[in-house]
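Right, one structure below, let's go through it.
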Amino acid sequence: MKVHSLILVAPSSAASLSLHPKLLFRKLKTLSTRDDTRLDSVKDFSMGEAPAFILQGLQKGFDNVLESKGGAFETATVVGDKKYVIGGTDGETLSARVKILGEWVNLVELGTKPISCNGHSAVLLKDRILILKKNSKPDDCIWFLEVDTQFVKAQKKILGTEVVAWSKGVIGNAEKPFVISGPSGVGKGTLISMLMTEFPSMFGFSVSHTTRAPRCMEKDGIHYHFTQKSVMENEIKDGKFLEFASVHGNLYGTSVEAVEQVSDSGKRCILEIDVQGARSVRASSLEAMFIFICPPTMEELEKRLRDRGTETEEQVQKRLRNAQNEIEQGTSSGIFDHILHNDNLQECYANLKKLLGLDNCVTSPKSAPKEINLPMDHSVSKIDDKIIINCISSGLEKESNNMILLDVSSLKGGAPGRTRGLDFKVIDGHRNGPM
Ligand SMILES: Nc1ncnc2c1ncn2[C@@H]1O[C@H](COP(=O)(O)OP(=O)(O)OP(=O)(O)O)[C@@H](O)[C@H]1O
Ligand SMILES: Nc1nc2c(ncn2[C@@H]2O[C@H](COP(=O)(O)O)[C@@H](O)[C@H]2O)c(=O)[nH]1
């Protein structure tokens, strides 16, 4: 029998990625050939201990799949007394609605929503719903709708309403970003340029937003995203910034997207931000390495700032006044993992490379990122932290029963950024022989 739609209650024994494929196939076959009346017993599941279930379009009339008149595909996921309805083809994106005790209530959806698709599966994990989009590109097929994560809980408190947050799922982990701070003119930008010139495929710069005016050689989107104060303040309210601070009289900030874009490219992200920003990142969920750059003396710092010639006299004075406080904070607050002294530039650069494990480093070509290819037709089931995607191939002479095992045991990050740490394995059914 071909498995079209399958619903499982998580057995106590964990199916791990290391489970022998033959055993897994056997286990699934047993479960999938069960009488469909088995489904009724799990219709009323509640959230908490992560009951395993699938929401699948193929099982018409099944409680969790709603198909509205216009052909809009929707799934409903019950979490305690709430029912999250996800889908709709009337817009360009998927969206979510929620019913509490049978009544529709106002729901704020945060994050970037996924673009619409021809159906999806929805699987309840502990505090979020995994969405597997059908007929979507490999880098767009896995999404999460967070319903009870720390981020959602905090936003509910702030907004005083029901909140969910969308987050795109990414296979693998990002390289640990590093934060470089130090007073204006100490040489942060110079050191970062040297690093990016020597290791172009290894590092990416997080392009900050700022409300200050561009300097003559600065380009929008490359050196900074130059913006208006009111625009940036609204984006801060919308939760788009990982950190922000008022520095030397202007607003500066790192958007969540700036860091995620660098990580998506497989590079290690560099954040060049002030001490207040570093403090905020330290308190955020972003795991990073923190480096503070110190000038040899205040006189030398002043000379470098003046020689750079990018600031007016008034601005130089302001930056020097702030520098004293930054150096005190940077060297005594415990925010920073490492302090480097930029007296001799080449020596400081060599020390920075040492910290980053790059001394005597030979750059090797990067292996291509792992990509998941979800077939249009698949059914989904769940055992503990493993999502089993049964790929249904039709029209082929031989029936293929490939499976994708998606491991959601080590999720990292999440809204307002990407959800990383996903892993998967393809199990070729043919190679396992008859069961
Ligand atoms: N070790 C050094 N010795 C002498 N000059 C230096 C040294 N390091 C950097 N400089 C020079 O000091 C000036 C300021 O450096 P840079 O612009 O990199 O500072 P910054 O910390 O990035 O400043 P800001 O925070 O304002 O962006 C530049 O003209 C640079 O060439
Ligand atoms: N908190 C943040 N501070 C930032 C960010 N980007 C830059 N900076 C700091 O601003 C000063 C001044 O920069 P300049 O380009 O005007 O010379 C610099 O020393 C950085 O420390 C940011 O995104 N967040």
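The values are calculated or read from the model by the stated rules, or taken from the named source; none is laboratory data. Treat the numbers as computed from the prediction; the structure is a model and nothing was measured. Cβ sites come from the backbone with ideal geometry, for glycine too, and all protein chains shown count toward neighbours.
Values computed for the structure shown
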quantity: Every residue from segment 189-230 that is in a helix (DSSP H, G or I), away from ligand 2 (no atom under 14 Å from the Cβ) and out of contact with any Ser or Thr (no Cβ under 7 Å at 6 or more places or on another chain); calculated: 194, 195, 196, 197, 198, 230
quantity: Residue selected from segment 320-336 under the condition under 32 Å from the mean Cα position of the chain (by Cα) and in contact (Cβ under 8 Å) with a residue 24 or more places away in the chain, by the criterion nearest to ligand 2 (Cβ to nearest atom); calculated: 326
quantity: Test for residue 175: is it more than 13 Å from ligand 2 (Cβ to nearest atom) and acidic (Asp, Glu); calculated: yes
quantity: Near pairs, Cβ below 7 angstrom, 6+ apart or cross-chain, from segment 337-354 (in contact (Cβ under 8 Å) with a residue 60 or more places away in the chain and more than 16 Å from ligand 2 (Cβ to nearest atom)) to any residue that is charged (D, E, K, R) and outside any helix (DSSP H, G or I); calculated: 353/359
quantity: Residues within segment 231-266 that are of a type in the set (A, V, I, L, M) and not in a strand (DSSP E or B), tallied; calculated: 7
quantity: Failed criterion for residue 74 (all others in (1) of a type in the set (Asp, Glu); (2) at pLDDT below 95; (3) out of contact with any Leu (no Cβ under 9 Å at 6 or more places or on another chain) hold); calculated: (3)
quantity: Test: residue 103 is modelled with pLDDT of 95 or more, crowded, with 20+ Cβ neighbours inside 10 Å and charged (D, E, K, R); calculated: no
quantity: Scan of segment 151-191 for residues that are within 25 Å of residue 272 (Cα to Cα) and basic (Lys, Arg), ordered by number; calculated: 176, 188
quantity: So residue 254, is it within 11 Å of ligand 1 (Cβ to nearest atom) and either more than 29 Å from the chain's Cα centre (by Cα) or closer than 27 Å to residue 200 by Cα (or both); calculated: no
quantity: Hey, residue 390 away from ligand 2 (no atom under 16 Å from the Cβ), surrounded by 17 or more Cβ atoms within 10 Å (Cβ to Cβ) and of a type outside the set (Ser, Thr, Tyr) or not; calculated: yes
quantity: Residue 138 being over 30 Å from residue 329 (Cβ atoms) and either surrounded by fewer than 22 Cβ atoms within 10 Å (Cβ to Cβ) or away from ligand 2 (no atom under 11 Å from the Cβ) (or both); calculated: yes
quantity: Tally of residues being more than 9 Å from ligand 2 (Cβ to nearest atom) and more than 18 Å from residue 315 (Cα to Cα) across segment 243-257; calculated: 2
quantity: Unique match (being at pLDDT below 95, surrounded by 15 or more Cβ atoms within 10 Å (Cβ to Cβ) and more than 15 Å from residue 330 (Cα to Cα)) among 311, 302, 287, 257; calculated: 311
quantity: Within segment 339-386, tally of residues that are over 24 Å from residue 403 (Cβ atoms) and at pLDDT 90 or above; calculated: 20
quantity: Pair list, Cβ < 8 Å and 6+ apart or interchain, from segment 298-319 residues that are within 14 Å of ligand 2 (Cβ to nearest atom) to residues that are basic (Lys, Arg) and part of a helix (DSSP H, G or I); calculated: 305/319; 311/319; 316/306
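Per-residue answers, yes or no, for (1) away from ligand 1 (no atom under 11 Å from the Cβ); (2) over 24 Å from the mean Cα position of the chain (by Cα):
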| residue | (1), (2) |
| --- | --- |
| 267 | yes, no |
| 280 | yes, no |
| 293 | no, yes |
| 308 | no, yes |
| 317 | yes, yes |
